[in-house]
Amino acid sequence: NEGWKGFGDWLGSNKVANQDKIFMAYIDAKKYVQNLKLRNQKEWNNYCRENKRPSNIPRNPAQAYKNKGWVNWNDWLGK
């Protein structure tokens, strides 16, 4: 409680630990992703590898949104 922000801050990398990341609400993230018109999980993974994904949308939505709205990949992609 005296200024500690995490190892990313302390080491100067500015990386945030996965458990400390704050993501967009599931419903809002899903709307964003569905506007991309990706056809399947492989296309999602390629999109993420190209570093186009906003930092407030998780690379692994199934894990990040577990018990927070996640249904399945078809729902995520709007199929």
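Numerical summary
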{"quantity": "Mean residue ellipticity (222 nm) of the chain, computed from DSSP H runs ≥ 4 via -39,500 (n - 2.57), nearest 500", "calculated": "-9500 deg cm²/dmol"}
{"quantity": "Carbon + sulfur, % of accessible area of the chain - ligands and nucleic acids excluded, 1.4 Å", "calculated": "46"}
{"quantity": "Residue-span extension gain [Asn51 to Trp10] - 0.36 nm each, minus C-alpha spacing", "calculated": "12.3 nm"}
{"quantity": "Debye equation applied to the C-alpha atoms of the chain, log10 I(q)/I(0) at 0.13, 0.22 Å⁻¹", "calculated": "-0.46, -1.01"}
{"quantity": "Within the chain: Cβ-based charge dipole about Cα centre, in debye rounded to nearest 20 (Lys, Arg +1; Asp, Glu -1)", "calculated": "420"}
{"quantity": "The chain: relative contact order in percent, alpha carbon pairs under 8 Å with at least 6 residues between", "calculated": "32"}
{"quantity": "Lysines whose Cα lies under 25 Å from that of Lys5, excluding same-chain neighbours fewer than 8 positions away", "calculated": "Lys15, Lys21"}
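The values are calculated or read from the model by the stated rules, or taken from the named source; none is laboratory data. All of these numbers come straight from a predicted model, not from anything done at the bench. Every residue, glycine as well, gets a Cβ built from its backbone with ideal geometry; the counts of neighbours run over all protein chains shown. Each accessible area value is taken on the protein alone, full model and side chains, heavy atoms only, with ligands, DNA and RNA left out. Shrake-Rupley method; radii C 1.70, N 1.55, O 1.52, S 1.80 Å.
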